[in-house]
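Take a look at the structure set out below.
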Amino acid sequence: MDGRSVSRLLRRVRMLNRGLRITEPPFPPERLMARCGVDGIRRVEAEKDATWSLVQEAGRRLVLIDQTIPPRTPQWNGSIALALAHTLLPPEERGAARARLAEVSAAEILLPARVFRPIAARTDLTMDGLRDLVFRFSAPARLTVLQWLRAGSWAGFALLWRQEAEALRLRWRAASPGLPFPRSAALGASAAAVWSSEERLYQTLRTGRPHHGVERVWTAVRSAPLWWFTRFGVVHDEGARSVLALVILDRRHTLREH
């Protein structure tokens, strides 16, 4: 992502937040609807894999949200926040860059950095710590861990794996600002492309219990392996059971690909 685009977007979200009376989490996204030019929310029977959409009806801008999502839950809040985030994006942004900018904006809507950063700094870097933040801010795990990485209290990656037919595949990823993803961790990659041993990953999915350890990983084709300290845990992402891997790196760590 372009750093200047991110900075401009975050400034805009923070300006929208000014003057609002809510100072403690959770921060319901509905508080920013009018300031984002959205007139209301309507629950509908959504299409597959589409939890929300933005529409214009009779001169009113509405968020349509999947009627199966209970209100005021992390999934509800995340869907509304993403819809509002898209109203703030410049029209020239497209594709993956647009999706990632929307996530950064939605994370700031639900987990404002000025409040989130000191709380996150006091939170243990474990799956239990992540769940505590998710519960406290009523935000999806995906947006919570993205904001946690951006807060700077730890450095590394978040890699979200989902079972698809024959293998676990990488369906979402986030990194500390300025840290490049290894070539092996491309979206859609199988677990075998990254992890030398997939045992802990599949054990976490099978048992539902968190696991952690030092993992031997491949960062690029024909590269020397690296070692990552990783915490694995099951999360429910967009209604699907997934495994989240939190990779904790030394702050001085750089990836050298061969």
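The values are calculated or read from the model by the stated rules, or taken from the named source; none is laboratory data. Keep in mind the model is a prediction, meaning the values are calculated, not measured. Cβ atoms come from the backbone with ideal geometry, glycine included; neighbour counts cover every protein chain shown.
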Report summary line: Of the residues in the stretch 177-201, those that are in contact (Cβ under 8 Å) with a residue 24 or more places away in the chain and out of contact with any Leu (no Cβ under 7 Å at 6 or more places or on another chain) come to 177, 179, 181, 183, 184, 192, 193, 194, 196, 198, 200
Requested in this report: With respect to residue 105, determine if the residue is of a type in the set (Ser, Thr, Tyr) and in contact with a Lys or Arg (Cβ under 9 Å, 6 or more places away or on another chain).
Outcome: yes
Query raised in the report: Just a yes or no: is a residue in the stretch 131-140 surrounded by fewer than 17 Cβ atoms within 10 Å (Cβ to Cβ) and either at pLDDT below 95 or under 23 Å from residue 213 (Cβ atoms) (or both)?
Result: yes
**Report entry** Residue count for the stretch 118-130, restricted to those that are out of contact with any helix residue (DSSP H, G or I) (no Cβ under 6 Å at 6 or more places or on another chain) and buried (at least 20 other Cβ atoms within 10 Å of the Cβ)
**Finding:** 2
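Given the structure, is residue 170 assigned to a helix (DSSP H, G or I), surrounded by 19 or more Cβ atoms within 10 Å (Cβ to Cβ) and not assigned by TED's automatic domain parsing to the domain that holds residue 69?
The answer is no for residue 170.
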Report task. Working carefully through the options 158, 96, find the one that is more than 23 Å from residue 14 (Cβ to Cβ), surrounded by fewer than 19 Cβ atoms within 10 Å (Cβ to Cβ) and among the hydrophobic types (A, V, I, L, M, F, W, C). Result -> 96
**Report entry** Residue in the stretch 177-186 that is more than 24 Å from residue 29 (Cα to Cα), outside the structural domain of residue 70 (by TED's automatic domain parsing) and touching a Phe, Trp or Tyr at 6+ places or on another chain (Cβ under 6 Å) present
**Finding:** yes
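Against the definition (surrounded by 15 or more Cβ atoms within 10 Å (Cβ to Cβ), within 19 Å of residue 154 (Cβ to Cβ), within 16 Å of the chain's Cα centre (by Cα) and of a type in the set (Val, Ile, Thr)), how does residue 115 come out, yes or no?
So residue 115 fails the test.
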Requested in this report: Kindly indicate which of 109, 69 is over 26 Å from residue 18 (Cα atoms) and crowded, with 18+ Cβ neighbours inside 10 Å.
Outcome: 69
Query raised in the report: Within the stretch 205-224, is there a residue that is part of a helix (DSSP H, G or I) and surrounded by 14 or more Cβ atoms within 10 Å (Cβ to Cβ)?
Result: yes
